[in-house]
Amino acid sequence: MSTDAFGTQSRTAALDAGSIDALIAAHFPHVHGGQKSFFIEAVTATTATVRMKYQERHARPGGTISGPAMFTLLDVAVWAAVMAALGEAGVDAVTTHCNLHFLSRPAARDMLAKVTLLRVSRRSAVAECALYSEGSEELVAHGVAGYAIPTSSAGRVIPHSGNMIP
């Protein structure tokens, strides 16, 4: 992996896990569906690990996790990695693409997403994400997702003008 325009390979994370969790609560509380589902476990400047707590609403017939729940986990986890790299200035980043390959049946328990940023530029970020059932090393799903990063005409990341977390 090469060093990007923000130097994310060689520096520490712009936000820690607790700050990213607070951003989710402030800007996207609906993602939890009434009961907190997603927990940012760890971040670095180029990685994130996010847990989706098992809830019945994530299950599908047959005792497994639904595809839409896994897509949501991937999306939240990649967004968390982008926030760790960019800080609050990237809060308005939006998903541009997402491709998820389902590889094995997930168990009806917590799922973990492990994200690695592949590239972060002034306008976009691309990441890969591996999904696992808690307690298993078997890969359940593998995805690649991209985010557009809002920029000004001068090519600078546009600072978010909403509620900022101190």
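The values are calculated or read from the model by the stated rules, or taken from the named source; none is laboratory data. The structure displayed is predicted, hence computed values, not measured ones. In this analysis, Cβ positions are derived from the backbone assuming ideal geometry, glycine residues included, and neighbour counts consider all displayed protein chains.
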Original post:
Does Val144 count as among the β-branched types (Val, Ile, Thr), modelled with pLDDT of 95 or more and within 18 Å of the chain's Cα centre (by Cα)?
Top reply: yes
Subject >> Filter result (closer than 16 Å to Thr49 by Cβ and either charged (D, E, K, R) or not in a strand (DSSP E or B) (or both)) within the range 110-134 >> reply: Asp110, Lys114, Glu128, Glu134
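Would you check if there is a residue in the range 57-65 being buried (at least 20 other Cβ atoms within 10 Å of the Cβ), aliphatic (A, V, I, L, M) and out of contact with any helix residue (DSSP H, G or I) (no Cβ under 6 Å at 6 or more places or on another chain)?
First, pick out the residues of the range 57-65 that are buried (at least 20 other Cβ atoms within 10 Å of the Cβ): 58, 65.
Now drop any that are not aliphatic (A, V, I, L, M), which leaves 65.
Checking which are out of contact with any helix residue (DSSP H, G or I) (no Cβ under 6 Å at 6 or more places or on another chain) leaves us with none.
So far as the range 57-65 goes, no, none of its residues is buried (at least 20 other Cβ atoms within 10 Å of the Cβ), aliphatic (A, V, I, L, M) and out of contact with any helix residue (DSSP H, G or I) (no Cβ under 6 Å at 6 or more places or on another chain).
Of Ala25, Ala45, which residue is under 17 Å from Ala93 (Cα atoms) and out of contact with any helix residue (DSSP H, G or I) (no Cβ under 8 Å at 6 or more places or on another chain)? Walk me through it before giving the result.
Details: Ala45 fails: out of contact with any helix residue (DSSP H, G or I) (no Cβ under 8 Å at 6 or more places or on another chain).
Of the residues listed, the single one that is under 17 Å from Ala93 (Cα atoms) and out of contact with any helix residue (DSSP H, G or I) (no Cβ under 8 Å at 6 or more places or on another chain) is Ala25.
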Subject >> Odd one out for His32 among (1) in contact with a Phe, Trp or Tyr (Cβ under 7 Å, 6 or more places away or on another chain); (2) at pLDDT 85 or above >> reply: (2)
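What are the residues in the range 68-91 that are of a type in the set (Asp, Glu) and touching a strand residue (DSSP E or B) at 6+ places or on another chain (Cβ under 9 Å), if any?
Here is the first cut: in the range 68-91, the ones of a type in the set (Asp, Glu) are 75, 88.
Residue satisfying the conditions is Asp75 alone.
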Original post:
From the list Thr96, Thr72, Thr64, Thr47, which one is of a type in the set (Ser, Thr, Tyr), within 14 Å of Leu131 (Cβ to Cβ) and within 18 Å of the chain's Cα centre (by Cα)?
Top reply: Thr72
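Looking at the range 70-92, can you tell me whether even one residue there is surrounded by fewer than 14 Cβ atoms within 10 Å (Cβ to Cβ) and more than 14 Å from His142 (Cα to Cα)? Working first, answer last.
Taking the range 70-92 as the starting set, the residues that turn out to be surrounded by fewer than 14 Cβ atoms within 10 Å (Cβ to Cβ) are none.
Scanning the range 70-92, I find no residue that is surrounded by fewer than 14 Cβ atoms within 10 Å (Cβ to Cβ) and more than 14 Å from His142 (Cα to Cα), so the answer is no.
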Original post:
Hey, among the residues in the range 122-141 that are surrounded by fewer than 21 Cβ atoms within 10 Å (Cβ to Cβ), small (Gly, Ala, Ser) and within 17 Å of the chain's Cα centre (by Cα), which one's nearest to Arg11 (Cα to Cα)?
Top reply: Ser124
Original post:
Within the range 34-61, which residues are out of contact with any strand residue (DSSP E or B) (no Cβ under 8 Å at 6 or more places or on another chain) and free of Cβ contacts under 8 Å to residues at least 24 places away in the same chain?
Top reply: Gly34, Gln35, Lys36, Gln55, Glu56, Arg60, Pro61
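Taking the conditions exactly as written (touching a strand residue (DSSP E or B) at 6+ places or on another chain (Cβ under 8 Å), without any contact (Cβ under 8 Å) to a residue 24 or more places away in the chain and under 16 Å from Ala81 (Cβ atoms)), does Ala125 satisfy them or not?
Details: touching a strand residue (DSSP E or B) at 6+ places or on another chain (Cβ under 8 Å): yes; without any contact (Cβ under 8 Å) to a residue 24 or more places away in the chain: no; under 16 Å from Ala81 (Cβ atoms): yes.
Spelling it out, it is not the case that Ala125 is touching a strand residue (DSSP E or B) at 6+ places or on another chain (Cβ under 8 Å), without any contact (Cβ under 8 Å) to a residue 24 or more places away in the chain and under 16 Å from Ala81 (Cβ atoms).
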Original post:
Of all residues in the range 147-159, which are buried (at least 16 other Cβ atoms within 10 Å of the Cβ), at pLDDT below 95 and either in contact with a Pro (Cβ under 8 Å, 6 or more places away or on another chain) or in a strand (DSSP E or B) (or both)?
Top reply: Val157
